[in-house]
1. Divide, for the stretch 67-109, the radius of gyration over alpha carbons by 2.2 N^0.38 Å, where N is the residue count.
2. Quick one: if the Förster radius is 22 Å, what FRET efficiency do residue 138 and residue 14 give, using the C-beta to C-beta distance and rounding to 0.05?
3. Multiply the residue gap between residue 95 and residue 188 by 0.36 nm, knock off their C-alpha separation, and tell me the result in nm, one decimal place.
4. Is the shape of the stretch 130-188 best called rounded, prolate or oblate, per the rule: a/c under 1.5 gives rounded, else a/b larger than b/c gives prolate, else oblate, with a ≥ b ≥ c the square roots of the Cα gyration tensor eigenvalues?
5. Using alpha-carbon pairs under 8 Å, 6+ residues apart, how would you state the relative contact order of the chain in percent?
6. Could you tell me which of rounded, prolate or oblate describes the stretch 7-48, using a ≥ b ≥ c as the square roots of the eigenvalues of the alpha-carbon gyration tensor, with rounded for a/c under 1.5 and, failing that, prolate when a/b is larger than b/c and oblate otherwise?
7. May I ask you to sort 116, 54 by Cβ crowding, counting other Cβ atoms within 10 Å and putting the fewest first?
8. For the chain, with a Gaussian network of springs between Cα atoms less than 10 Å apart, report the residue from 29, 68, 20 with the top mean-square fluctuation.
């Protein structure tokens, strides 16, 4: 993929805009993790502010230390060597907009494996706050055609993968881990 293909999306993210893009598991809304107003704008587009769960998408494992107050030892191998998309909920977050940290002081992160999405995050040089591109609690859109016109009409930019959509995309596994290695499987 040509690095210039990302330029417009990155410009929008840096301005505090909300973009629509395909992650490694579905179509998502995304914004700059450091801009509180961008997170609020994203939630307005989604039209449901109750129990929202953001995932911070990262492009390299070293970014765990950048966004977590303490990285549980088990996380390094677990995150790096998983083959499927894996979202991990960690205790304590830092260097993100306050409205991204859960009410129980947690932060969810996913190390991307998909080269298209990973390239966007890498070039932005920071994580992207991501949440499914749905209105309220509708099912996550796997294909662009499944996205509500309300979403399409309210995002600031749409970034499509020039290679096309991934028909094999699947929801990420979700686990919650504690500082001492304890963990809970949320979704297999």
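Bear in mind these aren't lab numbers, they're just calculated from the coordinates by the rules spelled out. All values derive from a computational prediction rather than experimental measurement. Using ideal geometry, Cβ is built from the backbone for each residue, glycine included, and neighbour counts are taken over all protein chains shown.
1. Values: Rg = 10.9 Å, N = 43, 2.2 N^0.38 = 9.2 Å.
In units of the 2.2 N^0.38 Å rule of thumb, it is 1.19.
2. Numbers: r = 29 Å, r/R0 = 1.32.
Computed FRET efficiency for residue 138 and residue 14 comes out at 0.15.
3. Working: separation 93, 0.36 × 93 = 33.48 nm, distance 2.88 nm.
Extra length from residue 95 to residue 188 when fully extended: 30.6 nm.
4. Working: a/c = 2.53, a/b = 1.98, b/c = 1.28.
Note, shape of the stretch 130-188 comes out prolate.
5. Values: 369 pairs, mean separation 61.5, N = 188.
Worked out over the chain, it gives 33 percent.
6. Details: a/c = 2.00, a/b = 1.03, b/c = 1.94.
Taking the square roots of the gyration eigenvalues as a ≥ b ≥ c, the stretch 7-48 is oblate.
7. Working: 116 20, 54 26.
With the sparsest Cβ surroundings first, the list reads 116, 54.
8. It is 68.
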